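The structure under discussion appears below in the form of structure tokens.
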Amino acid sequence: MPNNNLQNSEPSVVKKPWIEKSIKEILIEIKDFFEDLIDIKEGMDENGTIQRILSNKRMKGANAVLLMCSIMVASLGLDLNSPAVIIGAMLISPLMSPILGVGLGVGINDKNTLIVSLQHFIISICIALLTSYIYFCLTPFGDLTPEIRSRTAPNLLDGLVAIFGGLAGVVSTTRKDHSNAVPGVAIATALMPPLCVAGYGLAEGNATIFSSAFYLFFLNSFFIATSTYVIIRILRFRYKQFPTKKERRRNQLVIFGFSFLMLFSAFKLLSSTISELREEEEIKKQVYNKFETSATAVTKLKVSNSDSLVFINIQLIGEPVKLDSLYAFDERLETQLGKQVTIRTYQSDEIPFADIQKLKTEVGGVQGEFAIIVNKMEKILLDREQRIDSLTQRLDSMQNEVKMTAVLEETRINYPLIQQIGFSKDFKLTTSENSTDLPVLMLQWDNRKKRSERKADEAKIQKFVQLRTNLDTLAVITY
């Protein structure tokens, strides 16, 4: 009897070994792998995402209080120049919700969500500016710290931070396993600090700082909203009101136009920043070539470069730089750069070598830039000591020569029958036993000087010269 189970069973699928697969099959598998790798639709929560954004887009009540607190904490971080405090402010910032609401409203064609989100986005800006303005008006510090200064020169890189931060934040928001911290930090990174710096500019009455920082905030806000729109459309969220072709084209043109303007201005600022940085590096190179010598070390150099002015602070240790050389260098830089150049030098010929050695002993050695400076200072000190020793020897020798000349002249006056008198400090005296270097006094007498009188006078002259020149030994040669 035939086996029905065998007749109805499906043939088993035998996988081909990898080596037997065709190139087409391999390419398909690679394509499937990368599609799975970047697939953000898996784990998507459309209704939950919309609900989360809509429920938090209004800036009032708890959200408004949280925003005030986060702005205050971020302002403190900027004032204290503390990145850790600024990051702490980002963790509690609710500033992302209205911006996400703008991107969502455009993405699903929900005009009511768009209008409400824009209204509360403007309210958020007002709250943040007012809070930071009040803080920087009341703070006893209020210096232009590096953290504040870094938010006053927006460029294309800041736009990229906003784009990728926005993408990370929106993708995280659309997940079922949603976490508030991840999108909050990703987006607040680009929003909180520049908005606080704009408040600082208002408090200081500095329009340049305010406009630059607020432009950076607006640039980042626009790209975060645009990132939200892009992700919403990639995930194909359902339209609330299905747009006509005209509306869709208009939205796309507006987004493209704003993106072009933002990117163009940001790219222009970036190219300007790169140009200034290259110019600063060239100036620093010239400063080091000019002032770094075996006797002088540049221990600190700061260049502030702008469109019309270059300010250079140079701290030197070692031999002071001559003013003529400094003025010539200043004029050469002004001619080369076409800008006004101001050079300020802080010079010291005193090297705190004992303190450096003490520090090296305490910390067990020095490293990095400080080690380079210490090595320069040690070399300068060693060269200086060698030059001082050499000059001291030359000075002693000259003083001895002057003193000896006076002694010899006095000897001639006391003994008029001396025709010539000379002195050699290192006269090589060779005997049958050895050869030695001795100070020698050489006398040439007049023929009128009796030979019997010479011996006694030569002994007196020898003692006189030894006494006046502090010589232990002195040989006298007559001819």
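The values are calculated or read from the model by the stated rules, or taken from the named source; none is laboratory data. Please read these numbers as outputs of a predicted model, since none were measured by experiment. Every residue, glycine among them, receives a Cβ derived from its backbone with ideal geometry; neighbour counts consider all protein chains shown. Please note that ligands, DNA and RNA were not included when accessible areas were found on the heavy atoms of the full protein model with its side chains. Shrake-Rupley method; radii C 1.70, N 1.55, O 1.52, S 1.80 Å.
General remarks:
- For the range 436-459, filtered to residues that are of a type outside the set (A, V, I, L, M, F, W, C), over 11 Å from Leu417 (Cα atoms) and not in a helix (DSSP H, G or I), the residue that is modelled with the highest pLDDT is Pro439.
- Subset of the range 95-112 [open to solvent by less than 20 Å² (accessible area, probe 1.4 Å), touching a residue at least 60 places away in the same chain (Cβ under 8 Å) and not small (Gly, Ala, Ser)]: Leu95, Ile99, Leu100, Leu104, Ile108, Asn109, Asp110
Table: residues versus (1) open to solvent by less than 50 Å² (accessible area, probe 1.4 Å); (2) modelled with pLDDT under 75.
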residue	(1), (2)
Ala297	yes, yes
Lys300	no, no
Ser308	no, yes
Ile317	yes, yes
Asp330	yes, no
Lys339	yes, no
Lys358	no, yes
Val363	no, yes
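- Flag for Val161 being open to solvent by 20 Å² or more (accessible area, probe 1.4 Å), under 27 Å from the mean Cα position of the chain (by Cα), over 18 Å from Ser221 (Cα atoms) and among the aliphatic types (A, V, I, L, M): no
- Some residue of the range 265-275 being assigned to a strand (DSSP E or B), under 16 Å from the mean Cα position of the chain (by Cα) and modelled with pLDDT under 75: no
- Scanning the range 390-405 turns up at least one residue that is surrounded by 12 or more Cβ atoms within 10 Å (Cβ to Cβ) and within 14 Å of Ile461 (Cα to Cα).
- Looking only at the range 78-93, and only at residues there that are in contact (Cβ under 8 Å) with a residue 60 or more places away in the chain, surrounded by fewer than 24 Cβ atoms within 10 Å (Cβ to Cβ) and not hydrophobic (A, V, I, L, M, F, W, C), the one that is nearest to Arg233 (Cα to Cα): Pro83
- Verdict on Ile108 being among the hydrophobic types (A, V, I, L, M, F, W, C) and out of contact with any Lys or Arg (no Cβ under 8 Å at 6 or more places or on another chain): no
- Screening Gly199 with (1) farther than 21 Å from Ala225 by Cβ; (2) open to solvent by less than 10 Å² (accessible area, probe 1.4 Å); (3) of a type outside the set (Val, Ile, Thr); (4) at pLDDT below 90 gives one miss only, at (4).
- Qualifying residues in the range 56-71 (those that are part of a helix (DSSP H, G or I) and open to solvent by less than 70 Å² (accessible area, probe 1.4 Å)) - the one nearest to Leu114 (Cα to Cα): Asn56
- Of all the numbered requirements in (1) within 25 Å of Ile231 (Cα to Cα); (2) of a type outside the set (A, V, I, L, M, F, W, C); (3) open to solvent by less than 70 Å² (accessible area, probe 1.4 Å), Asp36 misses one, and that requirement is (3).
- Matching residues, the range 384-426, being more than 24 Å from Arg451 (Cα to Cα) and of a type in the set (Asp, Glu): Glu385, Asp389, Asp396, Glu401, Asp426
- Considering residues of the range 121-143 that are farther than 16 Å from Ser70 by Cβ and free of Cβ contacts under 8 Å to residues at least 60 places away in the same chain only, the residue surrounded by the fewest Cβ atoms within 10 Å (Cβ to Cβ): Pro140
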